[in-house]
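Following: one structure in structure tokens, then a few remarks.
The values are calculated or read from the model by the stated rules, or taken from the named source; none is laboratory data. Just so we're clear, the structure is a prediction, and the values are computed from it rather than from any experiment. Reconstructed Cβ throughout: ideal geometry from the backbone, glycine too, with neighbour counts over all protein chains shown.
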Amino acid sequence: MDREKIKALITLLDDPNDEIFASVEGALLKEQVEIVPELEKAWESSYDDLFQSRVENIIHSIQLNDVHSEMKKWLQTPHNDVLYGAYLVCKYQFPDVSLIHLKEQLSELRKDIWLEMNEHLTSLEKIRIVNHVMFDVHKFSRNTSKYLAPENNYISEVLETHKGNPLSVSVIYSILCRELGMPVYGVNLPKNYILAFIDESAVADNEQIHDQTAVLFYINPINKGAVLGRKEIEYFIKQQKLQPKEEYFLPCDNITTIKRMLSNLSFGYDSKGEESKKDEIQKILALFDEIDENPI
């Protein structure tokens, strides 16, 4: 980044000539997100409404481009870490969100669970401890009063408020379990994302699980971690009048999870009438369609 060049371009943002402004804006939009502090400094030192408005729009566009770029890289990475994917979703609304801070918050929860664990516990007993810490001690729950609110899809917000939707609470739950050595994976069940506890012998690194017998039991984090069997999932599918599919019983990959998170987010903004945000999320979602069309 040529700091002097950036400063010179920023001083031209209040030029009344539309052609000059378009040229300056185009040059700034080619820069990386590292120029945002310079733009913010210029915004703070100005009292011109037009200048401030133009700076705000450019900052937003640069940050949005950064999310696009990072999400594209994440999609092309062989091991798509679900925490990093969820962090990138947060960056859309909260550009300054800290991945380190998210990890610290998760580490505190993980420590509380670990202190209750011992090596002689069965899988079910371990899950009961996770449930106790998450739902009795830390009071994680469904955000009932604002179920469609976009913030339910940002794990940075869910870790602060301890309120979310089935997907965000499940993502946090599964991250904690995996970090504690428990093979707990997301299941992309329509209308209620849940989790599956997998037989360790069936888990292979970076390999999709296709055998339903590998699932020891299911977990419904939004219902205080209730443990379910296959019959309960079948009943739910029938109750919701869904056509049964094998994928409703098997773990999904992290790309599917983050795609659903973004779809929920798009729906949340749509329900609030925030069309511009909905459209921006849809453009991020288009990156996932590109991956579907051109798999790695």
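A few notes on this one:
- Identity of the residue in the range 241-275, closer than 26 Å to TYR84 by Cβ and small (Gly, Ala, Ser), that ends up surrounded by the fewest Cβ atoms within 10 Å (Cβ to Cβ): SER263
- Any pair with Cβ under 7 angstrom, 6 or more apart, that starts in the range 112-133 at a residue that is assigned by TED's automatic domain parsing to the domain that holds PRO221 and ends at one that is of a type in the set (Gly, Ala, Ser) and not in a helix (DSSP H, G or I): ILE127/GLY225; VAL130/GLY225; ASN131/GLY225
- GLY186 satisfies every condition listed in (1) exposed (fewer than 15 other Cβ atoms within 10 Å of the Cβ); (2) not in a loop (DSSP other than H, G, I, E, B) except (1).
- Screening the range 122-137 for residues that are more than 14 Å from LEU216 (Cβ to Cβ) and of a type in the set (A, V, I, L, M, F, W, C) and picking the one that is surrounded by the fewest Cβ atoms within 10 Å (Cβ to Cβ) gives VAL137.
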